[in-house]
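Asker: First the structure, then my questions, so here it is.
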Amino acid sequence: MEARPLDALNRARDKKVIVDCKNGKQYLGTLRAFDIHINIVLDDTEERHNGEVTRKLGNAFIRGDTIVLISPQ
Amino acid sequence: MEARPLDALNRARDKKVIVDCKNGKQYLGTLRAFDIHINIVLDDTEERHNGEVTRKLGNAFIRGDTIVLISPQ
Amino acid sequence: MEARPLDALNRARDKKVIVDCKNGKQYLGTLRAFDIHINIVLDDTEERHNGEVTRKLGNAFIRGDTIVLISPQ
Amino acid sequence: MEARPLDALNRARDKKVIVDCKNGKQYLGTLRAFDIHINIVLDDTEERHNGEVTRKLGNAFIRGDTIVLISPQ
Amino acid sequence: MEARPLDALNRARDKKVIVDCKNGKQYLGTLRAFDIHINIVLDDTEERHNGEVTRKLGNAFIRGDTIVLISPQ
Amino acid sequence: MEARPLDALNRARDKKVIVDCKNGKQYLGTLRAFDIHINIVLDDTEERHNGEVTRKLGNAFIRGDTIVLISPQ
Amino acid sequence: MEARPLDALNRARDKKVIVDCKNGKQYLGTLRAFDIHINIVLDDTEERHNGEVTRKLGNAFIRGDTIVLISPQ
């Protein structure tokens with residue numbers, strides 16, 4: 001159990017996560033880094049929209065203020 | 001009775017809560033952590049949209065600025 | 001008469017208030033707590049949309065940046 | 001003539017003002033308080049939408065970030 | 001020529017300006033005051049929408065975060 | 001080559017730039033001033049929408065938070 | 001592997017990146033500079049919308065708060 005939300009992100013580091021963004025897109029990838037603004041970096045990133053894979057991106061920086069939810073897979 | 005809003009979240013810790021987000025989605029789960037930005041972490045998270053269960057997520061970090069309301073169940 | 005807006009919220013503490021949110025929903029309940037971000041906590045909360053009662057929530061934390069107006073009933 | 005915008009609000013204190021909000025609603029009432037975030041408190045508040053009176057509210061706290069314009073009547 | 005953007009507003013003080021807002025409305029009036037948030041106060045304010053005059057307002061406080069552009073006439 | 005983004009704006013000072021705004025409008029003019037919020041001042045400003053010239057403005061202050069992109073012509 | 005998200009942007013400096021913006025547009029170019037707000041500067045910038053090239057821009061400053069994602073190509 002964690003006391004602070006960022007502890008949960010810390011435990012998810014180097015694990016597969018799903019990231020939901022405000023524009024309805026999802027990014028699946030390996031969480032490599034995050035900061036207090038919830039800016040994150042994913043590796044092996046796959047973009048999905050409406051359940052379909054729309055792009056394969058390697059490394060991706062996602063700006064924190066576009067993120068709704070991050071969940072380890 | 002509480003003097004400050006975060007006291008209410010503190011009392012909801014480790015309890016089932018419903019979280020309404022700005023995009024119309026709801027998340028039900030056990031509140032594990034929160035911070036002053038109202039970033040939260042839920043366990044055993046269930047996503048609902050228009051009253052239907054749309055996803056089962058285990059652990060979920062939800063960014064505070066997407067949250068409208070948090071209510072203990 | 002009050003000099004600062006938060007004085008008005010302080011006088012509304014433990015009284016019935018109506019809260020209008022940016023998403024068009026209204027929350028009626030007893031104001032238990034607030035902070036400088038206008039995060040609030042209501043008890044005996046009733047959600048209304050387009051004049052209809054849509055949910056009964058007990059205790060509810062509402063994030064300040066979703067709030068348009070708070071008025072004692 | 002005023003040097004700073006808040007001086008204009010100070011001169012409007014205890015006077016009738018019209019407040020335009022981002023959601024298209026207007027609030028007419030007596031300006032009782034404001035702060036640097038432009039959070040305001042009105043008395044004898046009347047809500048209008050598309051030129052029609054939609055609600056009579058007594059005391060109303062309006063969150064600053066929803067306000068477009070404040071004009072003394 | 002000015003080094004800082006607020007110098008341009010300072011030179012526009014007591015002059016006629018046109019103010020474009022994010023909601024598509026325009027305000028024409030005499031710029032009386034501004035601050036670092038670009039909150040402004042106009043006198044002899046005229047509101048226009050789609051090129052039509054929609055309202056005559058005397059003194060008007062306009063919240064900075066609703067403003068797109070300010071141009072001396 | 002520049003180390004910081006504002007260095008690029010500094011090199012564009014007194015040059016023709018195109019400014020894209022969030023509302024879909026474009027402003028072409030001579031960049032006279034900017035600050036860390038990316039508030040800018042243009043001279044000889046021309047507004048375009050959907051590729052058409054919609055207005056000729058002399059001096060124009062544009063609020064930083066409405067700007068998407070600034071590119072020297 | 002990086003500890004902080006900005007480390008990923010630092011490694012992308014002087015490399016080709018794709019930048020997704022909130023308005024649905026994409027910018028491809030060589031990343032020349034960035035700051036903690038994720039304001040960035042690209043060289044040899046190409047704008048795309050719905051998969052089509054819509055503009056060729058040389059040097060482009062993009063304001064951080066409009067950015068969703070930055071990915072090295």
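Asker: In region B:26-54, which residues are under 26 Å from C:GLY24 (Cα atoms), modelled with pLDDT of 95 or more, more than 8 Å from every other protein chain (Cβ to nearest Cβ) and out of contact with any Gly (no Cβ under 8 Å at 6 or more places or on another chain)?
Answerer: Listed by number, the residues that qualify are B:GLN26, B:LEU28, B:GLY29, B:ILE36, B:GLU47, B:ARG48, B:GLU52, B:VAL53, B:THR54.
Asker: Just one of (1) of a type in the set (Val, Ile, Thr); (2) under 25 Å from G:PHE34 (Cα atoms); (3) in contact with a Phe, Trp or Tyr (Cβ under 9 Å, 6 or more places away or on another chain) trips up A:VAL68, so point out which.
Answerer: Condition (3) is where A:VAL68 drops out.
Asker: Then there's this: Pick out the one residue from F:LYS16, F:LYS22 that is surrounded by fewer than 18 Cβ atoms within 10 Å (Cβ to Cβ) and within 8 Å of another protein chain (Cβ to nearest Cβ).
Answerer: Values: F:LYS16 fails: within 8 Å of another protein chain (Cβ to nearest Cβ).
Being surrounded by fewer than 18 Cβ atoms within 10 Å (Cβ to Cβ) and within 8 Å of another protein chain (Cβ to nearest Cβ) holds for just one of F:LYS16, F:LYS22, which is F:LYS22.
Asker: Does region C:25-55 hold any residues that are among the small types (Gly, Ala, Ser) and open to solvent by less than 10 Å² (accessible area, probe 1.4 Å), and which are they? I'd like the intermediate steps shown before the answer.
Answerer: Initial filter on region C:25-55 (among the small types (Gly, Ala, Ser)): C:29, C:33, C:51.
Hits for region C:25-55 are C:GLY29, C:ALA33.
Asker: Of everything in region C:56-73, what is open to solvent by 40 Å² or more (accessible area, probe 1.4 Å), closer than 24 Å to D:LYS56 by Cα and assigned to a strand (DSSP E or B)? Give them in sequence order.
Answerer: Listed by number, the list holds a single entry, C:PRO72.
Asker: Of the numbered conditions (1) open to solvent by 70 Å² or more (accessible area, probe 1.4 Å); (2) assigned to a strand (DSSP E or B), F:ASN10 fails exactly one; give the number of that condition.
Answerer: (2)
Asker: Considering F:PHE61, F:PHE34, which residue is over 18 Å from F:ASP7 (Cβ atoms), of a type in the set (A, V, I, L, M, F, W, C) and under 10 Å from the mean Cα position of the chain (by Cα)?
Answerer: Working: F:PHE34 fails: over 18 Å from F:ASP7 (Cβ atoms).
The match here is F:PHE61.
The values are calculated or read from the model by the stated rules, or taken from the named source; none is laboratory data. Because the structure is predicted, anything quoted here is derived from the model rather than measured. Counting neighbours? That spans all protein chains shown, and the Cβs are built from the backbone with ideal geometry, glycine included. For the accessible areas, the whole protein counts, side chains as well, though only heavy atoms, and no ligand, DNA or RNA atoms are used. Shrake-Rupley method; radii C 1.70, N 1.55, O 1.52, S 1.80 Å.
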